[in-house]
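Rule-based calculations on the coordinates, nothing more; no lab input. Source: prediction; values computed, not measured. Reconstructed Cβ throughout: ideal geometry from the backbone, glycine too, with neighbour counts over all protein chains shown.
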Amino acid sequence: MWQNKQQFTIFTNLVLILTQFLSEIYCLQEKGTDGKPLAKAATFHFPEYAYKETSKNELTYHDFEVNCEHHVACENLEGVKRKACVRRCISYSCYQDIYAFDELEEGEIDVRLNSFKGCVIQRTGNTNRRAT
């Protein structure tokens, strides 16, 4: 395997250096109470629309949501496919702005919902008509 002792020595030194490097990286990571490295938070960028949680805004959004949940295209879907369908029905343009580039996944916490609601309320002028 090794042509000579020098190749073996070089290889051994590289392994030691790599091991030390990886060990230092591991030690630099923040650790939880169990001693395991904590997961790094991902930075997620998406268009943000201000949303004020008033009873009027909540009722307006809820009305859109209920109507779209019963839309023929959405009523037989489940999970994130249903959520996506309902939100496209509520406002296709807001959905495109906020979700289309990175669709929701099953089990994902939807940090974009308030921005979506804000977009819907802004684009409808806070009236009871379907957003565009």
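If the Cβ limit is 6 Å and pairs must be 6+ apart or interchain, which residue in the range 81-100 that is without any contact (Cβ under 8 Å) to a residue 40 or more places away in the chain and closer than 14 Å to GLU69 by Cβ pairs with which residue that is in a helix (DSSP H, G or I) and not hydrophobic (A, V, I, L, M, F, W, C)?
Final answer for the pair search is VAL86/GLU69; ARG87/TYR95; ARG88/TYR95.
What pairs can you find where one residue is in the range 51-70 and under 15 Å from LYS83 (Cα atoms), the other is charged (D, E, K, R), and their Cβ atoms are less than 6 Å apart, with a gap of 6+ or different chains?
Final answer for the pair search is TYR61/LYS117.
Please find, among GLU48, GLU69, GLU53, GLU65, the residue that is within 22 Å of GLU108 (Cβ to Cβ), acidic (Asp, Glu) and surrounded by fewer than 12 Cβ atoms within 10 Å (Cβ to Cβ).
Details: GLU48 fails: surrounded by fewer than 12 Cβ atoms within 10 Å (Cβ to Cβ); GLU69 fails: surrounded by fewer than 12 Cβ atoms within 10 Å (Cβ to Cβ); GLU65 fails: surrounded by fewer than 12 Cβ atoms within 10 Å (Cβ to Cβ).
Testing whether each residue is within 22 Å of GLU108 (Cβ to Cβ), acidic (Asp, Glu) and surrounded by fewer than 12 Cβ atoms within 10 Å (Cβ to Cβ) leaves just GLU53.
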